[in-house]
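Nothing in this text is a laboratory measurement; each read-out follows from the coordinates by a stated rule. Computed from a predicted model, the values in this text were never measured in an experiment. Heads up, the Cβs are rebuilt from the backbone with ideal geometry, glycines too, and the neighbour counts pull from every protein chain shown.
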Amino acid sequence: MPDTQQTTLNAALPNPRQDVQDLDKLERKLFALNYALGEILTFGPVIDPPKATPERAEAMAVLDGERQALLAAPATGALLDRLQQNEAILDVTHRAQLKILKRDRASLVNVPPELQEEFTRLTTESDDVWRRAKAADDWASFEPYLDRIVDLMVRMAQAKDPSKDPYDVWLDEYEHGTDRAFYDGFFSQVKECVVPLLADCMASRHKPSAKPVQGNFDEARQWQLARDIMDLEGVDTDALWIGKTEHPFTGGPGIGFTVIASHVYPSNLLSNVFSMLHEGGHVLYEQNVDPAYRFTSLKGGTSSGMHEAQSRFFENYVGRSRAFADPMCRLLAKHFPGQLGRMTAYQLFMAENCAEPCLIRCDADELTYPLHIIVRYEIEQLLFSGEAKAADVPGLWAEKYRQYLGLGVPNYTDGALQDTHWADGSFGYFPTYALGNAFGAQFRDAMIAQGVDFEGACASGDLAPIRTWLRDNIWHWGRAKDSDELIQAACGEPFDPSHYTRYLVEKFSSIYGL
């Protein structure tokens, strides 16, 4: 056989080792696209002038289209199929990459590119509209965008998996393996615990007081406090940028480049404290993924539920604990000596744990918080089933806030316009906040059972033992393991919401003398 014919024949034969090299090249390209998208998505809403929105939307649509085209390309599918057939030659990391890339590809391959790009343009524009609508208490300007987003997401879900209910498709995207049946069961257990417990707390004569932290607190000092909270929490500030925004969020394109955008209110100091602890939990997760995953699809948290487990863990299980009130009290006194210098740690702990229904989810106490999530979960289902339209949302919101929290809703700004998530097209995300709470309770119990001195770490202000347990069991693995795998390995049992409900009962029964 002539040499040229032999060369052609060899080139046509499967070459598993070349496929591994091609996998690495694919990952680098995806990393670059995701890095660019992540940086624009993070900084756009924070630093762009108002007129930049259309250009930002177009840039993101093009980049998102390139990412989809690369993942959905027939050549990519063929490469992943060949690698799966030769999985025996792959190391553990490449096997995990293969699993995640196939999942990411399956999520996009059947979605028409024009729909994906339209979604990116629409949600970028709608987020800008939402910001202005919230400031002006103007539901009417945002209403048509909400209908368009839901309609587009229904069509995208039908393209992704026509055999599934559209809302179930999005629930699964945010927390793999979940659907309405899963969340219905979970929220049923939560309601059975929280609703009567809250009623008992409201009827108790032993109510904690928030008066020690009430007042007017200088904004510049609050931003200095925010940075000290990051140090106390253990965030690597050399890999962190802090900015200002209407709705707090964590972002950033890489392990070495994380971002927290937040706000401060002169009349609500604890909003700053708990926002920073919350977002710091997200950042700790992103910063502590295995560095070997830096340029791969394994970078970042494995799911929204697991990400919220980290944020809610530091906000609540650490931040609102009796032990952590000691170092936090000292920190508050440092920044506001005239106002808080005589406040005791016990007074701070009680102020942090007043169970009192409020309108704003982000400022809700630990006990009433899941009721805010249930309101949104129930409205999302109605929108995706077609039983409700955007015009119905304010009325539904008011009805459900009366039902679950006993509150009237005085305006749109403090009602259906308070969160950014729907403007971003993040339907299916809200339930993961409550799920993250429950994951966190199980992690707390597991680390204590395994010998971590949780109370001692919180009391000392040295959270290293807690961070080490979370890093080794959760953060290190990035997307390489799904939530159910992480929970089983870390806790020695599957997910069990009873850890969460038991924690709430024990904590608030003690505080309220039940």
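In this structure, the pairs whose alpha-carbon distance is over 20 Å, taken from Lys191/Lys389; Lys400/Lys507; Lys191/Lys211; Lys29/Lys102; Lys99/Lys160, are Lys191/Lys389; Lys400/Lys507; Lys191/Lys211. Taking θ as phi - 60° and the Karplus parameters 6.51, -1.76 and 1.60, the scalar couplings of region 102-108 work out to 5, 5, 4, 5, 4, 6, 10 Hz in sequence order, x denoting glycine and proline. Taking amide H as placed 1.01 Å from N in the peptide plane, the amide H of Tyr265 sits under 5 Å from that of Asn272, each at least 5 places away or on another chain. What you get for region 141-225, charging only the Cβ of Lys and Arg (+1) and of Asp and Glu (-1), is a dipole of about 520 debye around the Cα centre. Helical content of the chain, expressed as a calculated mean residue ellipticity at 222 nm, amounts to -20500 deg cm²/dmol (DSSP H runs of 4 or more residues, -39,500 (n - 2.57) each, divided by residue number, nearest 500). Each residue of region 41-52 is assigned a 3J(HN,Hα), and the resulting list reads 4, 6, 8, x, x, 8, 10, 6, x, x, 6, 7 Hz, derived from the Karplus form 6.51 cos²θ - 1.76 cosθ + 1.60 (θ = phi - 60°), x at Gly and Pro.
Per residue, the convex hull spanned by the alpha carbons of region 110-160 comes to 55 Å³.
Taking a ≥ b ≥ c as the square roots of the eigenvalues of the alpha carbon gyration tensor, region 344-446 is oblate, as a/c is not under 1.5 and a/b does not beat b/c.
Once you have a ≥ b ≥ c as the square roots of the Cα gyration tensor eigenvalues for region 438-509, tell me rounded if a/c is under 1.5, and otherwise prolate or oblate according to whether a/b is larger than b/c. Here region 438-509 falls in the oblate category. For Asp48, no residue has an amide H sitting under 5 Å from its own, ignoring neighbours fewer than 5 places away on the same chain, with H placed 1.01 Å from N. Distance between the C-alpha centres of region 281-325 and region 475-494: 13 Å, rounded to the whole angstrom.
Separation of region 25-59 and region 74-116, taken as the distance between their Cα centroids, equals 24 angstrom. Computed from backbone phi, the HN-Hα couplings of region 146-156 come to 4, 4, 5, 5, 4, 4, 5, 6, 5, 5, 5 Hz, rounded to whole numbers (Karplus: 6.51 cos²θ - 1.76 cosθ + 1.60, θ = phi - 60°; Gly and Pro given as x). Look at the Cα gyration tensor of region 107-195: its axes a ≥ b ≥ c give a/c of at least 1.5 with a/b at or below b/c, and that counts as oblate. Rank Phe257, Phe349, Leu382 by how far each Cα sits towards the positive end of the charge dipole of region 180-511 (+1 on Lys, Arg Cβ; -1 on Asp, Glu Cβ) and give me just the farthest. Comparing the listed Cα positions along the dipole, Phe349 ranks first.
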